[in-house]
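Written out below as structure tokens is the structure these notes cover.
All of the numbers you see were taken from the coordinates with simple rules; none came from a lab. All values reported here derive from a predicted model rather than from experimental measurement. Cβ placement follows ideal geometry from the backbone for every residue including glycine, while neighbour counts extend to all protein chains displayed.
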């Protein structure tokens, strides 16, 4: 359930970029005056916790406008694509892996002024099924890490999995949550 009210029907699109749209509307304030409010909108995104080869896939990634960062496979959903389709496509493009065992793990709305959801899926028993097809602006390698090393990524400033960090930290502090997460990932 979202804590944010939906975009008002009177909102108008004032700018459409490659990734972001800017929407504005007049909002009545508590004192009776009005003010212009705005919100960004962007395509939803996915990330995949891929479990295979006895570990969890992590990527070392470079993009033209960033320094190196660590991530899980994933990216933007395309127009008309639901989140699971996007997760499967992104996993295949970025790693060449597929899975027949998918579970929606969590859905987050990571930013207050951006209408955007990030879906995290678990893909168990991943298998290499093809070649990678990186976008022109992506350079990445992947490796498999242990469950314990996965939990330690929560401390790594280069890890771009912010929506997962609270879950990872809870699993490090609470044995029951650790066992539950390990079981959900298919590693127990």
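When the chain is treated as a GNM, springs tying every alpha-carbon pair under 10 Å, which of 147, 37, 159 comes out with the largest mean-square fluctuation?
37
Relative to the longest principal axis of the chain, what angle (0 to 90°, nearest 10) does the C-alpha long axis of helix 175-184 take?
Roughly 90 degrees, rounded to the nearest 10.
Determine the gain in length on full extension of the stretch residue 38-residue 85; use 0.36 nm per residue of separation and subtract their C-alpha separation, reporting nm with one decimal.
Between residue 38 and residue 85, full extension yields an extra 13.9 nm.
Which residue fluctuates the most in the chain, going by a Gaussian network model with Cα springs under 10 Å, if the choices are 30, 121, 97?
Comparing 30, 121, 97 in the GNM, the peak value goes to 30.
Pop a pseudo-label 7 angstrom from the Cα along the beta-carbon direction at both residue 158 and residue 20 and give the gap in nm to one decimal.
2.7 nm
Expected output is a single nm value to one decimal: the length gained when fully extending between residue 109 and residue 12, i.e. 0.36 nm times separation in residues minus the C-alpha distance. What is it?
Computed gain between residue 109 and residue 12 is 32.7 nm.
How do 48, 58 line up, fewest other C-beta atoms within 10 Å first?
Fewest-to-most ranking of 48, 58: 58, 48.
To the nearest 10 degrees, how steep is helix 83-95 against the longest Cα principal axis of the chain, on a 0 to 90 scale?
Once rounded, the angle reads 50 degrees.
Kirkwood hydrodynamic radius of the range 45-184 from all distinct Cα pairs, in Å?
The answer is 15.4 Å.
Using a Gaussian network model on the chain with a 10 Å cutoff between Cα atoms, which of 59, 24, 47 fluctuates the most?
Looking only at 59, 24, 47, the largest GNM fluctuation is found for 24.
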